[in-house]
2 protein chains.
Amino acid sequence: MSTAPIRVLIADDEPLVRSGLAVILGAEPDIDVVGEAESGAQAVALARTLTPDVVLTDVRMPALDGIQAARRILDTVVPAPRVVVITTFENDDSVHDALLAGAAGFLLKRSRPEAIVQAVRLAAFGDTLMFPDSVRDLALHRRRATTPFPHPLSEREQDVLRLMASGLGNAEIAATLFLGAETVKTHVANILTKLGARNRTHAVVLAYRSGFVAP
Amino acid sequence: MSTAPIRVLIADDEPLVRSGLAVILGAEPDIDVVGEAESGAQAVALARTLTPDVVLTDVRMPALDGIQAARRILDTVVPAPRVVVITTFENDDSVHDALLAGAAGFLLKRSRPEAIVQAVRLAAFGDTLMFPDSVRDLALHRRRATTPFPHPLSEREQDVLRLMASGLGNAEIAATLFLGAETVKTHVANILTKLGARNRTHAVVLAYRSGFVAP
DNA sequence: TAGACGTTCCCCCGAACGGGGGAGGATCGT
DNA sequence: ACGATCCTCCCCCGTTCGGGGGAACGTCTA
C-alpha cells in the first residue's frame, strides 16, 4: 500500500477553512496538499496545471461555484481528478446537482476530520463515493420544487396535507395530530381552495407532482 | 483514535464469502469480527444477542433477504447497529430499497479489500455512507422497476386507477370512459380491495409509490 | 359444456366528504 | 391599540364515497 501519496487540491473562499483542511489532510502521510484555490475559476486553473488526484471544493464560491467548477474540471482536465464537494449546509439542494455533475463524493464541513480524510482516500481509490446521512435523502429523491403552490400553505396545513398524502381520512388525521375532526375539516377545505384542487385526492396528486411529498 | 475496536457481524449464505470478509476485516487491528450468520433470520438473531457496531450483510440470502433483515435489525436491535449491504451484482435494484430501509452503505463484492475496510470504518463513524460508482445512478434515480401490486389489476381497473390518480371523481371518470357511474363504483371498490387501500386517496398513494403512475 | 373471470349495470344505506357560515384565542408587526 | 394571520372548534346541509348485495353478457379455458 505504499505507493505515491494522494495529491489533493483544496478550493474554498474562506482561508480559515482552507487552512483547516490543509492541516487535517497534510497530517496524513499518504496525502499531499499540492495547492489551494480561493475561487472556482482558480480551482479550474490550478487543477489544469497541478493535475491533482483529488479536488476538494466548496459549493459556494465566487467566480464559479463548486458545481460548475467540478463540471469544468471533469470536462477539461486530463487525467480527470476525482472531485469531492463539501458544503456547510445540510439541506443543500446542490447535492443532487453535484453528483449528476460527476462529483465522486459529497460531505459536510462539520464532518469528523477522520471522515474527511477517509473521503479523500476513497475518492482516490477511484471506485467509491460517500456522503452524509443528513443529505442522503436529497440525493435519493428528486429535487424538491421550492414553491410549487400558488398560495403557500401554513405549517398546520402542510401537516394535514402530508397526512392526506398518506391516505388518511379526516378522523385519522385528527387522531394523529390530536385535533378535533372539525379543525381538520377546516384545514382540508383551506388546502383545497389554496391549491385549486377539486377534491382531496386531487390535492394529494398535486402534492406528489409538485414534490411536496416524496413518492 | 485508539478506542474500542469496531465490532462487526457478517451475514452471507456463502461460507467462502464469509471467511473472505472475516479475513479481510479481522486483519485490521481496529476491527473485530464478532459473529457470522448464514441467513437473514440468523443475522437478526445474532444482531440482537451480539449488539455489533456494524452489520455487513449480503442482499440475497435464504430465510430473510438482506433488505428485510436490515429493516428488522434497525427496528428491533438496541442500540441499532449500522448496516452495510453488500451484493454481487452491479445492476441490483435493491440499492434503492436498501438505502430507504436505513442501510448506512452499499458496496460490491468485487470492491477492493481496502474499500470494504474503509466502508466498515465509515459506517462505524456513524455519519457517512458510501457505495460504488457503478450503482450510484440506481440510487440517484427513481426505481423504474415498478413494484407490481399484490393482486394484479385488470385492464379496465388500471384505466380507472389512472384517472383516479388524476384526481377525478367517479362521475368524471364515468364521463371520460363512457361508462355508467355504477360501473365506475364497482371498479373502484375492486381496486380498493385488491390493493388493500383504505380509501380512494390511499389507492392513489399506492399507485404513486409503486410507480404505477409517474409523478 | 360448465366454470372462471372481466365488464357492465342496478339497488340500498351508512359514513365520509366538501361548501357555507360563524367564533374565540394566540401571535406578530405596524 | 389595531388589523392580519393562523389555529382551533362549532353549526347546517347536500354530495360523494364505499360496502353489501345481485344480475346480465361476453370470452376464454378446462
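The values are calculated or read from the model by the stated rules, or taken from the named source; none is laboratory data. Note that the structure is a prediction, hence the values are computed from the model and not measured. Here the Cβ positions follow ideal geometry from the backbone for every residue, glycine too, while neighbour counts run over all protein chains shown. These area figures cover heavy atoms from the full protein model, side chains too; ligands, DNA and RNA do not enter into them. Shrake-Rupley method; radii C 1.70, N 1.55, O 1.52, S 1.80 Å.
Descriptive notes on the structure:
- Yes/no for A:Ala174 being modelled with pLDDT of 90 or more and more than 12 Å from DNA strand D (Cβ to nearest atom): no
- Residue check, B:Val78 of a type in the set (A, V, I, L, M), modelled with pLDDT under 80 and open to solvent by 50 Å² or more (accessible area, probe 1.4 Å): yes
- Residues in region A:59-75 that are of a type in the set (Gly, Ala, Ser) and over 21 Å from A:Gln118 (Cβ atoms) were compared, and the one that is least open to solvent (accessible area, probe 1.4 Å) is A:Ala69.
- Screening region A:148-209 for helices (runs of 4 or more DSSP H) wholly inside it with 2 or more residues that are open to solvent by less than 30 Å² (accessible area, probe 1.4 Å), under 27 Å from B:Gly196 (Cα atoms) and near DNA strand C (Cβ under 10 Å from one of its atoms) returns the ranges A:170-177, A:181-195, A:200-209.
- Selected residue (criterion: farthest from A:Met164 (Cα to Cα)) from residues of region A:180-193 that are within 34 Å of the chain's Cα centre (by Cα) and either free of Cβ contacts under 8 Å to residues at least 12 places away in the same chain or more than 9 Å from DNA strand D (Cβ to nearest atom) (or both): A:Thr193
- When restricted to residues that are at the interface with chain A (Cβ under 7 Å from one of its Cβ atoms) and modelled with pLDDT of 90 or more, region B:199-209 contains 6.
- Number of the condition not met by A:Ser19 [criteria: (1) within 20 Å of A:Glu114 (Cβ to Cβ); (2) of a type in the set (S, T, N, Q); (3) under 23 Å from the mean Cα position of the chain (by Cα)]: (3)
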